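Quick note: the coordinates plus some simple rules give every number you see, no bench work behind them. Keep in mind that what you see is a predicted model, and the values were worked out from it rather than measured. Cβ atoms come from the backbone with ideal geometry, glycine included; neighbour counts cover every protein chain shown.
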Amino acid sequence: MAQNSSTLKAILHAKCPRCHRGDMFTHSGFSLRKFDDMYEHCPVCHFRYEIEVGFFWGAMYISYGFSVAIVVAVGVSLYFLANDPPLWVYAVGVTGSIILLTTFLFRYARVLMLYLFGSVHYDPKYDQA
Ligand SMILES: [Zn+2]
């Protein structure tokens with residue numbers, strides 16, 4: 001990603017915030033058994049992802065924010081698109097959406113936690129091919 005590295009692209013691909021090259025997670029978000037496995041250090045620049053013990057506990061708040069956004073989006077969509085269906089439709093729609101997106105909510109909450117509160121910035125010297 002040298003010369004062309006963008007923070008948004010690195011966030012979307014769950015790459016290391018310092019080098020934008022190393023993966024943060026060991027497996028794909030579609031791997032239901034190991035979607036939460038993270039590398040302890042960046043495989044490229046050796047940056048330690050868990051900056052301090054319990055650092056990623058804060059990602060729960062980001063994940064909660066994602067969940068609230070999904071509840072509002074699904075609720076508003078059902079209200080207007082399905083012409084205000086019965087309550088059970090809202091419950092099933094919201095619950096199903098949250099369950100389907102669980103792996104990505106978890107991963108992006110951690111990625112954003114690290115990018116927003118990790119006090120680490122992209123450094124081109126680590127982005128060498
Ligand atoms: Zn790195």
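Filter the DSSP H helices in the chain by two things, a Kyte-Doolittle mean of at least 0.5 and an axial alpha-carbon span of 27 angstrom or more, and list the hits by number.
Flagged H segments are 59-81.
In debye, nearest 20: dipole of the chain around its Cα centre with unit charges on the Cβ of K, R (+) and D, E (-)?
The calculated dipole for the chain is roughly 260 debye.
Using 0.36 nm per residue of separation minus the Cα-Cα distance, give me the extension gain between residue 125 and residue 26 in nm, one decimal.
Additional length available on full extension: 33.3 nm.
Please report, in Å, the Rg and the Dmax of the range 1-57, where both are computed over Cα atoms only.
11.8, 35
I'd like the FRET efficiency for residue 13 and residue 91, computed as 1/(1 + (r/R0)^6) with the beta carbon distance as r and R0 of 35 Å, rounded to 0.05.
After rounding, the FRET efficiency stands at 0.55.
Which whole number in µm²/s is D for the range 6-129 by Stokes-Einstein, with the Kirkwood Rh taken over Cα pairs at 4 °C and 1.567 mPa s?
81
With n ≥ 4 as the cut-off for DSSP H runs, can you work out [θ] at 222 nm for the chain, using -39500 (n - 2.57) per run divided by the number of residues, rounded to the nearest 500?
That calculation yields -15000 deg cm²/dmol at 222 nm.
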